[in-house]
Every structure is written in C-alpha cells, then in structure tokens.
Amino acid sequence: MPHTPSGGAPPGAATADRGPADRVPMSIGSVLGLLREEFPEVTVSKIRFLESEGLVEPRRTPSGYRKFSAQDVERLAFVLRMQRDHYLPLKVIREQLDARDRGEQVALPGPAQPPDLLDGAAAPLDTAGAARVGRTELLAASEITEEQLAEWESYGLLGPVENGGYPAEAVEVARLVLDLGRFGLEPRHLRAVKASADRDAGLVEQVVAPLRRHRNPQTRHHAEATARELATLAVRLHATFVQAALREQRG
C-alpha cells in the first residue's frame with residue numbers, strides 16, 4: 001500500500017476498487033508493518049507524533065484504541081515520503097494534504113538539501129547557507145566584543161571548529177547568551193545548559209547513527225530528517241519540563 005508514486009494518488013483513488021479486507025480498520029501495529037516495507041526506520045512513536053501534529057486522524061474505539069483506515073496509511077506514507085525525499089517541514093506537508101483533500105493538484109517540489117537541525121533556530125546571515133562563519137563575521141553579526149567572545153569561549157559556550165571557523169549556529173548562540181546576560185545570567189550559569197544540549201545531541205546520534213549505516217540508501221538519506229525531528233522533540237520536552245518546574249515552584 002505505501003508503494004505509491006511520490007506524488008501520491010489523487011483524493012478518492014486510494015480506496016477505490018478495494019475489497020472488504022482493505023476496508024477493515026487496522027491497529028497501529030498493523031500500520032507499522034505496512035509502512036516498514038518502504039520506511040524501515042518508522043516507529044510507533046513516529047506514527048503517534050504525526051497524529052499529534054494533526055496529519056492523520058485515526059478513529060478511536062470506545063476503549064481508546066486507534067483504528068486506521070487504508071486512507072490513513074496512505075496519508076502517513078505521503079508524509080514520510082515528503083520528509084524523506086523532499087525534506088519538507090510538517091507545516092508544508094499539512095498544506096499539501098489539505099489541498100489533496102480539496103481535490104486540488106499538488107505540485108511536488110524539486111530536489112532539496114537537508115534543512116537545518118531546527119527551523120528558525122538561527123537568524124539568516126548574509127552568507128546564507130554557509131556551514132561556517134569566521135570570527136570577524138561572528139562578532140559583527142552578533143554585535144559582541146572580542147572580550148565577550150573570549151569569556152564565552154572560556155566557559156565552553158562557543159568555540160571554533162576546523163579551519164578556525166565557527167558553526168553557523170554560533171551567531172544565534174551569541175545573541176541568546178547576550179540576551180540572557182541582560183537578566184543577570186552569566187556565562188558560568190549557562191554551562192549546564194550547554195552540557196544538557198551536548199547530552200541531547202549524543203542521544204540523537206545514538207538513534208541516527210544506525211540509520212546512516214543502513215544498507216537501504218533511502219534510509220541513509222533520511223537520517224538527517226530523523227535527527228531534525230528528534231532534536232525538535234527533545235527541545236519541546238525540555239521546554240515542557242521547564243514550564244512544569246516553574247509551575248511547581250509557584251505552588
């Protein structure tokens with residue numbers, strides 16, 4: 001079932017000419033088995049995540065179990081394919097699904113490069129798309145001094161990589177550290193935040209590394225999109241923990 005052309009079937013065609021067996025509601029485990037024919041890296045958590053984002057709405061039994069239709073499975077396959085082959089964000093994929101539901105023709109995007117790990121995490125630079133920025137460019141873009149940069153480097157918040165450049169994200173890091181400083185948070189206070197981010201990155205890499213070594217080239221191709229989604233979920237979880245802790249402290 002998931003093996004449809006990359007554009008997906010037109011609305012209504014997904015369930016046409018299907019026998020009674022194809023109309024039997026499926027459990028999430030059955031859906032997982034079908035999707036893994038084309039997407040071996042998909043998990044139950046991934047399906048639940050896509051549901052939570054409103055990309056698929058399976059029927060619920062009175063006891064709360066999900067029951068997926070054949071159309072639900074094809075929607076999931078379409079979403080996974082757009083992520084894997086075109087690196088589209090979920091917002092754009094949702095718009096395409098809405099257009100398909102209205103019977104409109106959906107134009108597929110051309111080949112794309114993997115997106116940044118977190119959409120909108122860093123403000124665009126003049127050197128758009130650059131993976132590295134120089135020290136002078138970092139100072140100018142973030143509007144910090146040499147002394148501030150040297151201090152932040154001493155606490156491990158920023159640091160050059162190969163060839164003496166900095167990651168493109170260093171600009172946004174510098175701006176955020178500067179903004180936090182206006183509230184009295186010093187670089188020494190932020191070392192724990194950096195350490196937590198490093199641990200999160202390590203967890204993401206544990207999941208993604210086997211995908212990069214997978215025999216299936218499509219799975220290897222999808223590794224960065226998976227890393228992006230995991231990082232986004234980790235950030236959301238961290239933010240939720242902080243909000244819950246603040247609420248508890250307020251009593």
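Meeting the requirement of 1 or more residues that are surrounded by 11 or more Cβ atoms within 10 Å (Cβ to Cβ) and of a type in the set (A, V, I, L, M), the helices (runs of 4 or more DSSP H) wholly within region 161-251 are 170-181, 191-212, 223-249. Taking the numbered list (1) more than 21 Å from V79 (Cα to Cα); (2) at pLDDT below 85 in turn, E248 passes all entries but (2).
Quick grid of which residues meet (1) under 30 Å from L80 (Cβ atoms); (2) among the aliphatic types (A, V, I, L, M):
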residue	(1), (2)
A150	no, yes
Y155	no, no
V161	no, yes
P167	yes, no
V177	no, yes
P187	no, no
V204	yes, yes
N216	yes, no
H222	yes, no
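Filtering region 157-187 to residues that are touching a Pro at 6+ places or on another chain (Cβ under 9 Å), more than 14 Å from T136 (Cα to Cα) and in contact (Cβ under 8 Å) with a residue 24 or more places away in the chain leaves L157, V161, V177. Would you pick out the residues in region 72-114 that are over 17 Å from L32 (Cβ atoms), modelled with pLDDT of 85 or more, more than 20 Å from the chain's Cα centre (by Cα) and of a type outside the set (A, V, I, L, M, F, W, C)? Correct list: D98, R100, D101, R102, G103, E104. Taking (1) of a type in the set (D, E, K, R); (2) under 29 Å from E229 (Cβ atoms); (3) surrounded by 17 or more Cβ atoms within 10 Å (Cβ to Cβ) in turn, E151 satisfies each apart from (2).
All conditions in (1) over 23 Å from A107 (Cα atoms); (2) without any contact (Cβ under 8 Å) to a residue 40 or more places away in the chain; (3) open to solvent by less than 40 Å² (accessible area, probe 1.4 Å) hold for R36, with the sole exception of (3).
The values are calculated or read from the model by the stated rules, or taken from the named source; none is laboratory data. All of these numbers come straight from a predicted model, not from anything done at the bench. Reconstructed Cβ throughout: ideal geometry from the backbone, glycine too, with neighbour counts over all protein chains shown. Surface areas here come from the heavy atoms of the whole protein model, side chains and all, with no ligands, DNA or RNA. Shrake-Rupley method; radii C 1.70, N 1.55, O 1.52, S 1.80 Å.
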